[in-house]
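Below is one structure, written out as structure tokens; the observations come after it.
The values are calculated or read from the model by the stated rules, or taken from the named source; none is laboratory data. Values in this document were obtained by computation on a predicted structure and should not be read as measured data. No Cβ is skipped: glycine too gets one built from the backbone with ideal geometry, and neighbour counts run over all protein chains shown. These area figures cover heavy atoms from the full protein model, side chains too; ligands, DNA and RNA do not enter into them. Shrake-Rupley method; radii C 1.70, N 1.55, O 1.52, S 1.80 Å.
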Amino acid sequence: MPEKKSNDNPSAPQSAEKNARAINETGEALYLSGSKEEALAQFKEAIELDSQCVHAYNNIGVYYWDTGNLAASIDWFQKALKIKPDDMDTLNNLETILQIINHERSMTSSDD
């Protein structure tokens, strides 16, 4: 009897998506509890399971925002928006980051 391949199971993509969602939610709980590095690992694992897990991309963007790496944050938000251009959480986060950058630029140019 031949071995059953994972792609022979039509529910495999759905279960990977469900697992990715659960891992992302675990990452969110870790993040809220202050375990940000562990949360980041969970978000990345969610993406490995489901490359379309928009919330994990957004959450990585938030992680980089919180650590002060706005350029990386923008990159992750843009990756999320490539998957789901109308994701409101990601759109709001990206808009806020861009406002912060514009404000910082206007403050430094007015100091000249």
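Screening the candidates Pro10, Pro85 for the property of being part of a loop (DSSP other than H, G, I, E, B) and modelled with pLDDT under 95 yields one hit, Pro10.
For beta carbons closer than 8 Å, sequence separation of 6+ or different chains, a first residue in segment 62-91 that is closer than 19 Å to Ser51 by Cβ and a second that is in a helix (DSSP H, G or I) and basic (Lys, Arg), the qualifying pairs are Tyr63/Lys36.
Working carefully through the options Ile101, Ile83, find the one that is more than 13 Å from the chain's Cα centre (by Cα) and of a type in the set (A, V, I, L, M).
Exactly one residue qualifies, and that residue is Ile101.
If the condition is being surrounded by 13 or more Cβ atoms within 10 Å (Cβ to Cβ) and over 13 Å from Ile60 (Cβ atoms), then segment 84-93 contributes Lys84, Asp87, Leu91.
Confirm whether Glu37 is over 18 Å from Lys18 (Cα atoms), open to solvent by 50 Å² or more (accessible area, probe 1.4 Å) and without any contact (Cβ under 8 Å) to a residue 40 or more places away in the chain. Yes. Being open to solvent by 30 Å² or more (accessible area, probe 1.4 Å), in contact with a Phe, Trp or Tyr (Cβ under 9 Å, 6 or more places away or on another chain) and more than 17 Å from Glu95 (Cα to Cα) is the filter here; which residues of segment 48-83 pass it? Correct list: Ile83 only.
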